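**Student:** Sending over a structure as structure tokens; questions will come in a sec.
Readers should treat all values here as calculations from the given coordinates under stated rules, not as data from a laboratory. Because the structure is a prediction, the values reported are computed rather than measured.
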């Protein structure tokens with residue numbers, strides 16, 4: 001798995017409500033995006049924006065972040081974002097009760113699509129561990 005951090009700034013004085021509306025307008029574009037596992041849109045108190053996108057692979061992310069995507073992004077937000085990629089070997093998801101581990105990924109490679117669930121004892125509760133690879 002790969003996490004892409006997409007970073008940019010909104011104008012000073014932008015409210016959380018205004019930022020939320022901008023994010024909601026673009027959200028449907030990502031709903032069925034091939035390879036996108038999860039996306040978080042975050043807004044800082046000084047107008048900083050970070051979208052943390054968890055992808056199956058860097059290749060999947062790069063299929064999204066094309067020149068055309070950059071052009072649309074610039075039209076919507078008035079600037080080009082900075083995109084930084086991070087290998088994401090482990091994800092803890094308390095809402096789903098999962099720990100996902102991507103043991104097959106290299107530093108910035110893809111994942112194997114075979115998955116196995118393994119029990120994991122933590123604080124007396126069983127949490128499924130999804131191991132990919």
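**Student:** Under 1.5 on a/c is rounded, so check that first for the range 1-51, then, if it is not, pick prolate when a/b is larger than b/c and oblate when it is not; a ≥ b ≥ c are the square roots of the alpha carbon gyration tensor eigenvalues.
**Tutor:** Working: a/c = 3.25, a/b = 1.68, b/c = 1.94.
Oblate, because a/c is 1.5 or more while a/b does not exceed b/c.
**Student:** What's the long-distance tail for the range 2-87, i.e. % of Cα pairs beyond 16 Å?
**Tutor:** Value for the range 2-87: 52 percent of Cα pairs lie more than 16 Å apart.
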